[in-house]
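Read the structure below first, then the notes.
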Amino acid sequence: MNADDMSGLTPGNNGYFTFSSMEMNRLFEEADGANSIDKMLSEKEEILQPNGCSCQLKNDTIIISGGIFYGGGLGYQVKIHENEFDGEIILASTSAKFTLEKGDDLLDEIYLKSDEQKLFLTEDPVFELNKIVKGKIVMESQDFLSKDKNALIKDKYWMKVLFECELHEHGPF
């Protein structure tokens, strides 16, 4: 599935995402430093990771969440309220290795606010149970620190998510 082709999605709580990080770029020696939310929007041959997603309605807010977790993992959560939205990238590990500020305790799970984000919906959302929400969000996380051996390294994540799911009553994911 092409990273911008939502026609492959079918109702049934489907999600696909691709991600990148400063640390991944260092590992793969991408020295151009061109990773940004605009680059994620322009990429055409990205590998999308399938995942189950959940669309929940809580009062007047739609909450879309998903990811891949098994011990550790990577996920996302997007809240849509009226004409506003807010996304988060979730990182989890089997050991405490994340923090927002040097000197703070290390955490095994961290919710990263989105510094920059763009949301594209195929149609205006209907805030009613059993309605379908379909779209794409691209997010750039706030900076954070990650433990690598004995040092803390600065990192940031970029994520593109395609989603389509039916709105259910808010509850546990």
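Between the beta carbons of residue 130 and residue 84, assuming R0 = 25 Å, the FRET efficiency works out to 0.60 to the nearest 0.05. Here's how it looks for residue 157: its modeled amide H is under 5 Å from those of 141, which are all 5 or more places away or on a different chain.
Quick one: if the Förster radius is 30 Å, what FRET efficiency do residue 102 and residue 70 give, using the C-beta to C-beta distance and rounding to 0.05?
Working: r = 29 Å, r/R0 = 0.98.
E between residue 102 and residue 70, to the nearest 0.05, is 0.55.
Between residue 111 and residue 168, the distance separating the two model label sites (each 7 Å from Cα on the Cα→Cβ line) works out to 2.0 nm.
Which lysines have a Cα less than 23 Å from the Cα of residue 79, not counting those fewer than 8 places away in the same chain? Leaving aside lysines fewer than 8 places away in the same chain, those within reach of residue 79 are 58, 113, 118, 131, 134, 136, 156, 160.
Annotation for residue 150 and residue 49: the two label points, set 7 Å from Cα along the Cα-Cβ direction, are 3.0 nm apart.
Each value in this text was obtained by applying a stated rule to the coordinates, not by laboratory testing. This one's a predicted model, so the numbers in the text were calculated from it and none came from an experiment. Positions of Cβ are backbone-derived with ideal geometry, glycine not excepted, and every protein chain shown enters the neighbour counts.
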